[in-house]
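Below: the structure, in structure tokens.
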Amino acid sequence: MATARARAALVFVALLQMAAVVVVRASHVVYPELQSLEAKHVDGKLRTGYHFQPPKHWINGPMYYKGLYHLFYQYNPKGAVWGNIEWAHSVSTDLIDWTALEPGIYPSKTFDEKGCWSGSATVLPSGVPVIMYTGIDPDERQVQNVAYPVNLSDPYLREWYKPDYNPIINPDGGINASAFRDPTTAWYGPDGHWRLLVGSKVNMKGLAVLYRSRDFKKWVKAHHPLHSAHTGMWECPDFFPVAVAGGSRHYRRGVDTAELHDAAVAEEVKYVLKVSLDLTRYEYYTVGWYDHATDRYVPDAAFPDNDYGLRYDYGDFYASKSFYDPAKRRRIVWGWANESDTVPDDRRKGWAGIQAIPRKLWLSADGKQLVQWPVEELKALRAKHVNVTDKVIKKGNYFEVTGFKSVQSDVDMAFAIKDLSKAEEFDPAWRTDAEALCKKLGSDVDGGVGPFGLWALASGDLKERTAVFFRVFKANDSSHVVLMCNDPTRSSYESKIYRPTFAGFVDVDIAKNKQIALRTLIDHSVVESFGARGKTCILTRVYPRKAVGDDAHLFVFNNGESDVKVTNLDAWEMKTPKMNAEE
């Protein structure tokens, strides 16, 4: 029934996480006494301005259809904690301004009466979008269901119906019914079968369980998973192609799965498998080869296939999902960031959860990692601009970036390093735990080359500040290791906030030109940073008590022996887009 013109699209709803004090809670914690309490007041002091949020309550989420981007996301319409989960629905023409519509999917049938959880969508060759999602049935089993638009001529896709032949996939054949969720976008194979993955586990082995179908109604489990690893439960799996450098296509372009029926194109792509780890609340990905004939995915040897593997983001970023944007021929990934303050704080704020900025994603030219960058549409929000050029910062010095409001801003800059010979020796044992290294050698610990970077959302007296910085180490006589950190340990006077240090290594030849770039999106309670033009990304949630509004400042600092120079810094105030304002 499918043809080479079949287009895969995506709708996704992110799974859930809560964090408080120093304990990260499991993904589906229910607070019966809180989950249905309406917020009487919404506190906007720390509410983000240009990161996606509904007007209030708990959220956690895209598809392109007839000129509109559709975002369906898990939402509690009755409170700022997890519970009463339905699929809320917003639409946009540009991924920046959003209009809220009626809920897309909500519990209404036996097969989802206890919740409509995460899922994806596929656009069939006929142009019909099909949502597949995890429903919770009366026995608390996680089952996979489909829904179709009521009116295909409505570009807003306001109404959806659920066929009576649901559920289309039951947790049988040895599947753990309490760990069986988050179906992926489906893809069409050369043998005439549709395929999709569902996340699951067997004991401590995470599974990407593979299902096949000829008609999108009856699905049969394959004899083996597409892939597995000993990392615990795999949530929100994502599986998609990326172009490799050297082919006939530009490698930074996204790849539509329909194109893979062209043999020449198929030879110029690799595949990405991303999973969200329920145990650690982190994600990791591998890049490798997919054999359509055997339905086996084999990661390249260079990619660690465990929780030490490469991540889209080394911070507060979970349950991400990508989609192919046919309008601009790009792949976009969008992740969810939970709150890191307490549940009572969420109740007082009246809201909880944001989406990261949507990011274009592609495979680096050397094939060693994925690269991400904020979508170009974000530039439309740039307003008042300031610039700093060729400013040298000696050890222990810092300066404030003035002339604009930094509490809601976009800061793009580059550092030049004067003397790499002062870099500290790197212990190879540090390679497996960048976060521990950052915690040990934080922004206030003097070094050789670094720490240098930004103090964002800082109070004028610097008693509150969130550090985003680099530190360079010497691995041997000819190579260096670059560490990137987001350190919120001094971000707030509030003592009960969960403030983990986030860090990742940056794959950059710092000795080649002795420069490194940093872009940071600051938005009231989020600091989202991109190192070396998107090679390492870190998102942090922070909750200052003093550094809010006009009292939030931005500083550039250097606590390393080697001088660093800000070769160029461009900073913009960011306008507030239309963000699901209540009617």
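The values are calculated or read from the model by the stated rules, or taken from the named source; none is laboratory data. Everything quoted here is computed from the prediction, not taken from an experiment. Here the Cβ is made from the backbone with ideal geometry for all residues, glycine too, and neighbour counts use every protein chain on show. Side chains included, ligands, DNA and RNA excluded: accessible areas come from the protein's heavy atoms. Shrake-Rupley method; radii C 1.70, N 1.55, O 1.52, S 1.80 Å.
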Legend entry - Options A186, A179, A208; residue that is open to solvent by less than 10 Å² (accessible area, probe 1.4 Å) and in contact with a His (Cβ under 6 Å, 6 or more places away or on another chain): A208
Inset, instruction - Determine whether V468 is modelled with pLDDT of 95 or more, under 26 Å from T48 (Cα atoms) and buried (at least 24 other Cβ atoms within 10 Å of the Cβ). - result: yes
Inset, instruction - Please verify whether the stretch 386-401 includes one or more residues that are modelled with pLDDT of 95 or more, in a loop (DSSP other than H, G, I, E, B), among the charged types (D, E, K, R) and surrounded by 14 or more Cβ atoms within 10 Å (Cβ to Cβ). - result: yes
Legend entry - Among the residues listed as S525, S491, S495, the single one being under 30 Å from P344 (Cα atoms), open to solvent by 40 Å² or more (accessible area, probe 1.4 Å), in the same structural domain as L554 (by the TED database) and modelled with pLDDT under 95: S495
Legend entry - Residues located in the stretch 188-226, provided they are hydrophobic (A, V, I, L, M, F, W, C) and closer than 24 Å to Y318 by Cβ: L196, L197, V198, V202, M204, L207, A208, V209, L210, L226
Inset, instruction - Kindly state which strands (runs of 3 or more DSSP E) lie completely within the stretch 252-306 and contain at least 3 residues that are among the hydrophobic types (A, V, I, L, M, F, W, C). - result: 269-277
Legend entry - Options P171, P167, P190, P163: the member that is under 23 Å from K66 (Cβ atoms) and not aromatic (F, W, Y): P163
Inset, instruction - Go over the candidates S409, S421 one by one and state the one that is assigned by the TED database to the domain that holds N559 and either in a loop (DSSP other than H, G, I, E, B) or open to solvent by less than 10 Å² (accessible area, probe 1.4 Å) (or both). - result: S409
Inset, instruction - Specify which of the listed residues (F426, F415) is more than 30 Å from Y75 (Cβ to Cβ), in contact with a strand residue (DSSP E or B) (Cβ under 6 Å, 6 or more places away or on another chain), open to solvent by less than 20 Å² (accessible area, probe 1.4 Å) and of a type in the set (F, W, Y). - result: F415
Legend entry - In the stretch 297-341, the residues that are polar (S, T, N, Q) and open to solvent by less than 20 Å² (accessible area, probe 1.4 Å): S320, S322, N338, S340
Inset, instruction - Output the residues belonging to the stretch 485-507 that are in a strand (DSSP E or B) and either among the β-branched types (V, I, T) or more than 26 Å from K546 (Cα to Cα) (or both). - result: G504, F505, V506
Legend entry - Contacts under 9 angstrom Cβ, first residue in the stretch 165-187 being within 14 Å of P225 (Cα to Cα) and of a type in the set (G, A, S), partner open to solvent by 20 Å² or more (accessible area, probe 1.4 Å) and not in a loop (DSSP other than H, G, I, E, B), 6 or more apart: G173/K221; G174/V202
